[in-house]
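The values are calculated or read from the model by the stated rules, or taken from the named source; none is laboratory data. Bear in mind that the values here come from a model prediction, so they are computed numbers and not experimental data. Using ideal geometry, Cβ is built from the backbone for each residue, glycine included, and neighbour counts are taken over all protein chains shown.
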């Protein structure tokens, strides 16, 4: 099966936030190591985000377009970051997004929205067209006409004005499980909700097959 690549923001692998999230999810996407989650965390809560690794999506998973290869993608990522200085966004907060829990900025950031939009446009030539089955999976969640337009044009519905930076910590949970997870998460994430978040790098994640977990294959620091 064809590998997929994604352009994500991920905190530095030696940072406290990354280490906390890896343990919470049960896997470190930088090392590939399986980790024991904190007491009280049910593995089912984190099964989906564990496979993707801790991140915020900038350019979502994609198979490479014909004629493109991994080396070319990595070279493009290095070129991209050279033109984008690092910046900070408002401090994170824990939020419920539908039925899952995630860390999101506590206030909007024009710099972040612009960075994400640039990433979508710049890397789109590397994206193979979505299959009919992938399109239907996206549409099954219910999309607005504008989101469906983005899906057809960019391969993902949540770009540009629909973009919401979020770092997922659970899968879709029922009310009781979500409340239990939130009770555990609120004190655990408190240290990461006090200071602005530095957007310091662009990470390239790779999934060898659709059944494999994503892992970081390169992290390009912003100047």
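Data overview
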read-out: Neighbours by Cβ (under 7 Å, 6+ apart or cross-chain): first from the range 187-199, on the phi < 0 side of the Ramachandran plot; second surrounded by 14 or more Cβ atoms within 10 Å (Cβ to Cβ) and part of a helix (DSSP H, G or I); value: 188/20; 192/17; 199/112; 199/115
read-out: Filtered residue count, the range 136-175, keeping only those that are more than 17 Å from residue 118 (Cα to Cα) and either surrounded by fewer than 16 Cβ atoms within 10 Å (Cβ to Cβ) or touching a strand residue (DSSP E or B) at 6+ places or on another chain (Cβ under 9 Å) (or both); value: 22
read-out: Those helices (runs of 4 or more DSSP H) lying entirely in the range 123-190 with at least 2 residues at pLDDT 95 or above and touching a helix residue (DSSP H, G or I) at 6+ places or on another chain (Cβ under 7 Å); value: 145-154, 175-189
read-out: Matching residues, the range 176-209, being touching a strand residue (DSSP E or B) at 6+ places or on another chain (Cβ under 9 Å) and over 30 Å from residue 87 (Cα atoms); value: 178, 181, 208, 209
read-out: Residue ID - farthest from the chain's Cα centre (by Cα), chosen from residues in the range 28-52 that are farther than 14 Å from residue 170 by Cβ and touching a residue at least 40 places away in the same chain (Cβ under 8 Å); value: 32
read-out: Every residue from the range 194-204 that is part of a strand (DSSP E or B) and under 10 Å from residue 9 (Cα atoms); value: 199, 201, 202, 203, 204
read-out: Among the residues listed as 132, 128, the single one being without any contact (Cβ under 8 Å) to a residue 12 or more places away in the chain and either loosely packed, with under 15 Cβ neighbours inside 10 Å or more than 22 Å from residue 219 (Cα to Cα) (or both); value: 132
read-out: Residue that is farthest from residue 196 (Cα to Cα) [pool: residues in the range 92-104 that are surrounded by 16 or more Cβ atoms within 10 Å (Cβ to Cβ) and in contact with a helix residue (DSSP H, G or I) (Cβ under 7 Å, 6 or more places away or on another chain)]; value: 101
